[in-house]
Amino acid sequence: MISKAMQDAINEQINKEMFSSYLYLSMAAHFEGKNLPGFGNWLRIQAAEENEHAMKLYDFLLERGGKVELKAIAAPKQDWASAMEAVKEVLAHEQLVTKSIHDLYEVALKEKDYATQVMLHWFIEEQVEEEANAGAILDDMQRIEAHDTAILMLDHRLAKRKGE
């Protein structure tokens, strides 16, 4: 059986993962509306991954005999001044998620919840990948910032990403 403190912390993380999905879906809609379908594709895949993360926590909580308590998801931002601004926001958001996962791990340590600690190792590794991917795209954006046609080339590359 999972502790109440651990259950509450996991429920909070489910909400954060669902917000992440919602944020990235909002970004996808923004870019698709600006005729940048590659950025839209990348962000739709990001949104789907965040939803999968939420469901992984959801399923884990149920497997441990906990109660899933879904809360309202905050409305995400709708518009971004530039692709650069949006990609910077993705990286900053992933860094916040990483901190949140680390905080969740701290609760598992305090509660001596070894099963949750083991499960969270996957999330910790995933966040390293998420930050690296967003950082690499931001690096590319900074290299091509002054060249609008290069944005179209990056958009084309992002369109080729496939979901898992």
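Overview of values
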{"read-out": "When residues of region 14-36 are limited to those that are buried (at least 17 other Cβ atoms within 10 Å of the Cβ) and either touching a Ser or Thr at 6+ places or on another chain (Cβ under 6 Å) or at pLDDT below 95 (or both), the one nearest to residue 115 (Cα to Cα)", "value": "16"}
{"read-out": "Which numbered condition residue 39 fails, given (1) surrounded by 17 or more Cβ atoms within 10 Å (Cβ to Cβ); (2) at pLDDT 95 or above", "value": "(2)"}
{"read-out": "Near pairs, Cβ below 7 angstrom, 6+ apart or cross-chain, from region 77-89 (touching a residue at least 60 places away in the same chain (Cβ under 8 Å)) to any residue that is assigned to a helix (DSSP H, G or I)", "value": "83/39; 83/141; 83/151; 84/141"}
{"read-out": "Only listed residue being surrounded by 13 or more Cβ atoms within 10 Å (Cβ to Cβ), within 16 Å of the chain's Cα centre (by Cα) and under 26 Å from residue 5 (Cα atoms), chosen from 137, 124", "value": "124"}
{"read-out": "Pairs, first surrounded by fewer than 19 Cβ atoms within 10 Å (Cβ to Cβ) in region 98-120, second assigned to a helix (DSSP H, G or I) and of a type in the set (Lys, Arg), C-beta under 6 Å, six or more apart", "value": "100/16"}
{"read-out": "Selection within region 61-79 - surrounded by 18 or more Cβ atoms within 10 Å (Cβ to Cβ) and among the hydrophobic types (A, V, I, L, M, F, W, C)", "value": "61"}
{"read-out": "Filter result for the condition that a residue is over 30 Å from residue 152 (Cβ atoms) and in contact with a Gly (Cβ under 6 Å, 6 or more places away or on another chain), over 2, 101, 10", "value": "2"}
{"read-out": "The one condition in (1) of a type outside the set (Asp, Glu); (2) within 25 Å of residue 22 (Cβ to Cβ); (3) modelled with pLDDT of 95 or more that residue 108 fails to fulfil", "value": "(2)"}
{"read-out": "Yes/no for residue 78 being over 16 Å from residue 7 (Cα atoms) and in a helix (DSSP H, G or I)", "value": "no"}
{"read-out": "Condition check for residue 156: loosely packed, with under 13 Cβ neighbours inside 10 Å, out of contact with any strand residue (DSSP E or B) (no Cβ under 6 Å at 6 or more places or on another chain) and modelled with pLDDT under 95", "value": "yes"}
{"read-out": "Yes/no for residue 71 being part of a loop (DSSP other than H, G, I, E, B), within 15 Å of residue 19 (Cβ to Cβ), touching a residue at least 12 places away in the same chain (Cβ under 8 Å) and not hydrophobic (A, V, I, L, M, F, W, C)", "value": "yes"}
{"read-out": "Tally, over region 38-71, of residues that are within 30 Å of residue 83 (Cβ to Cβ) and hydrophobic (A, V, I, L, M, F, W, C)", "value": "8"}
{"read-out": "Filter result (out of contact with any helix residue (DSSP H, G or I) (no Cβ under 9 Å at 6 or more places or on another chain), part of a helix (DSSP H, G or I) and not hydroxyl-bearing (Ser, Thr, Tyr)) within region 122-164", "value": "125, 129, 132, 136, 139, 148"}
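The values are calculated or read from the model by the stated rules, or taken from the named source; none is laboratory data. Just so it is clear, the structure is predicted and the values come from calculations on it, not from any experiment. Neighbour counts are summed over all protein chains in view; Cβ atoms, including those assigned to glycine, are modelled from backbone coordinates with ideal geometry.
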